[in-house]
Structure formats: structure tokens, C-alpha cells
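In what follows, a single structure is set out as C-alpha cells and then discussed.
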Amino acid sequence: MADFKYDIVEEIGVLCENTKGWTKELNVISWNGSKPKYDLRDWAPNHEKMGKGITLSDDEIQSLKEILNKL
């Protein structure tokens, strides 16, 4: 697997924490120096490991917000 770099530009919030200390977080992350995107995934304490997640553009996060507002 190729190396990749990430920079957590903004920590927006933690949705939950499991019994092992991992947290599900919404952050803004720049992957490999690209334009930062919204990112939702599980993180180990101190962000030393990450689980699978999704990244969303500005337009996609706005669409998600509109959908969630309808709930």
C-alpha cells in the first residue's frame, strides 16, 4: 500500500466513543496536500490509527445537512 499523508485542519466534533477509546469524529482533513474535505471516521486515541470512513466535499456536506434537517 502506498504511503499517504493527512493533516487534520479542523476538529469539528466527536459523535461517540467506544469502550476501547476509539472515537467517531467529524473533521476537516487535507489528504496528500489536496484541498481539505469533511471527513467522518473512527480514530484511535491521539489519532495514531484510523478506521474506514468517508470524505465529503463542501457541496456534499451541505446536501447531507439538508437531508438531516428533514429528520
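Coordinate-derived values only; no laboratory data. This structure is a prediction, so every number in the text was calculated from the model and none was measured. We place every Cβ from the backbone using ideal geometry, glycine too, and count neighbours over all the protein chains shown.
Dipole magnitude for the chain: about 220 debye, using +1 per Lys or Arg Cβ and -1 per Asp or Glu Cβ, origin at the Cα centre.
Note on the stretch 6-69: lysine pairs with Cα distance below 21 Å, sequence gap of 8 or more or different chains, count 11.
Normalised by the number of residues in the chain, the average gap of Cα pairs under 8 Å and 6 or more apart makes the relative contact order 22 percent.
Enclosing the Cα atoms of the stretch 6-69 in their convex hull gives a volume equal to 87 cubic angstrom per residue.
Electrostatic bookkeeping for D59 treats Lys and Arg as +1 and Asp and Glu as -1; over the other residues with beta carbon under 14 Å from its beta carbon, the sum is 0.
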